[in-house]
Structures are given as structure tokens and as C-alpha cells.
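A quick write-up on the structure given underneath.
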Amino acid sequence: MLAHQLGDPARDLAILGEGNVSALASDGTFWIKASGSSLGTLAETDLSCVRLNAVSDLLEHDTLSETEVEAALVAAQVNPEHKKPSVETFLHALCLSHEGVTWVGHTHALAVNQILCSALGAEPFKRHIFPDAIVVCGRAPAVVPYADPGFGLAKAVHAELARYRETYRATPKLLLLESHGLVALGRSPREVLNIVLMTDKWARTLQGTYALGGPRFLPESEVVRIDTRLDEHYRRERLVKT
Ligand SMILES: [Zn+2]
């Protein structure tokens, strides 16, 4: 199960109630981790089923109070008997509304946050340093500055995904939240896990390079080359199979 893999204590990706996962169903609903439950021990009863449109429509509002958010999330639930869905339900609904995204994973990976919470923020991730991160995490990550978790964060992500689409004509695979964590957008649980693990490795590699004079960023022409190579396309397709 994806949640257990992301919540494995040995991986340092999420502890306690940190992080969440979601998956799109075929009937306009999606399943998401309930608020406060742990990824590492997630059970079926810790999942909540939510109507995608009901959550997406709320993002039309400029602001929502905490009580409005609470009421709206309960109203969006398919079964009110389920536990209360995660406060990041808005963020997940937004990601799952994008073409080709059916699974989403969000974690506070230690190595990634050591960079995202530093004075440099997401800056070191804005250029690539090795080919596999391009293959797995895409040509460039989407990045949002710190925002209040929940509705405020979803509004910031909404704007960034629009900018990303305008720039790259694509949906990002990796979304970096400064001073917070990462979000992986995939077509399968395997792809989400791959993106999280590769971002973790990328972060640890970056930290090593800063100890040895700083990263040697790949030229953008090489990044585009890897991103569009046929053999890498084949490898990418094989990597996302469950
Ligand atoms: Zn979080």
C-alpha cells in the first residue's frame, strides 16, 4: 500500500500524522487519508471518500473561514460516517483534477525539507543535477512559497499549476512547497512512490554537493534532451507500471 511505503519509518519521509495520499475513483469521487491518521499504519477505516466537484467548486471562493472549511469538507463527503478528511483535501482535489493525475502523495521528507526550510528555499531544485531526476520528476518542479495549510495553500497551488501549464504545456509531476514538503502527482501508486523517493535522493545529493563547492547544474539544453529522448520515454513508461 502506497501510504505504508511513504510512512515507513526507515525512509524518513513522514512521521506521526504527517503527509497524506489520495486516489481518484471512476465516479467523480476520490479517496483521501482522514485527518490525523498516520501513513505508516493507515487502515481502510482511515480513508474518507469525497466528491471531487464539491471540493473543486469551493476553490472559486477567494477566502473561506476555518468554520466554513470544516462544514464544506463534511458536506463534500460521500458517507458522513467516514472520518473527517485531511485539511489538504483541497490540494488533492486540485491535483486530481489535472489530466493524467490519478494518485497523489504528500510527505514532509526530512532531506527535502532540510533544503525547502533553508535560506535557499526551493532554489536548488529549480535546475537539474542528474538525468534520473528529470526522467522521474519531470523537466522542472512546480514551486509554491509558504502558505497556510489547507485552503490558503490550495489557492497558491492553483495559481502555480496554471503558471506551470502556461510555461510547459504540461502538468508537473513534482510540486515543492517551501517550508513545508513535497507533493507527487502520478498515474499509479508506483509512480507517486518513485517521484517521492527520487526527490529524496535528489535532495540528499544536493546537500552533498553543497559540502563540496556547490552543485554543477546541467545546462537546460541537456535537461530538454533527456526529457524528450525516446529511450528515456520508454524507461519512464516502464517505471510507472504498478
Ligand atoms: Zn503537509
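The values are calculated or read from the model by the stated rules, or taken from the named source; none is laboratory data. Please read all numbers here as calculations on a predicted model, not as lab measurements. With ideal geometry, Cβ positions are generated from the backbone for all residues, glycine too; neighbour counts draw on all protein chains shown. Heads up: the accessible areas ignore ligands, DNA and RNA and are worked out on the full protein's heavy atoms, side chains in. Shrake-Rupley method; radii C 1.70, N 1.55, O 1.52, S 1.80 Å.
Below, the figures for the structure above:
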quantity: Qualifying strands (runs of 3 or more DSSP E) (wholly inside the range 131-242; at least 3 residues being of a type in the set (Ser, Thr, Tyr) and under 14 Å from the mean Cα position of the chain (by Cα)); calculated: none
quantity: Pair list, Cβ under 9 Å, 6 or more apart: the range 76-89 residue assigned to a loop (DSSP other than H, G, I, E, B), other residue open to solvent by 50 Å² or more (accessible area, probe 1.4 Å) and more than 16 Å from the ligand (Cβ to nearest atom); calculated: Val78/Arg51; Pro80/Val74; His82/Thr45; Lys83/Thr45; Lys84/Glu70; Lys84/Val74
quantity: Failed item in (1) of a type in the set (Gly, Ala, Ser); (2) within 16 Å of the ligand (Cβ to nearest atom); (3) touching a residue at least 40 places away in the same chain (Cβ under 8 Å), with Gly40 passing the rest; calculated: (3)
quantity: Residue pairs meeting the criteria (Cβ under 7 Å; at least 6 apart or on separate chains; first more than 9 Å from Val135 (Cβ to Cβ), in the range 222-242; second part of a helix (DSSP H, G or I)); calculated: Val223/Ile134; Val240/Arg190; Val240/Glu191; Lys241/Arg190; Thr242/Pro189; Thr242/Arg190
quantity: The range 6-33: number of residues that are charged (D, E, K, R) and either under 13 Å from the mean Cα position of the chain (by Cα) or within 12 Å of the ligand (Cβ to nearest atom) (or both); calculated: 2
quantity: Unmet criterion (only one of (1) open to solvent by less than 60 Å² (accessible area, probe 1.4 Å); (2) within 16 Å of the ligand (Cβ to nearest atom); (3) without any contact (Cβ under 8 Å) to a residue 12 or more places away in the chain) for Asp148; calculated: (1)
quantity: Residue, modelled with the highest pLDDT, within the range 212-239, restricted to residues that are open to solvent by less than 80 Å² (accessible area, probe 1.4 Å) and of a type in the set (A, V, I, L, M); calculated: Leu218
quantity: Residues being of a type outside the set (A, V, I, L, M, F, W, C) and buried (at least 24 other Cβ atoms within 10 Å of the Cβ) - total across the range 161-180; calculated: 2
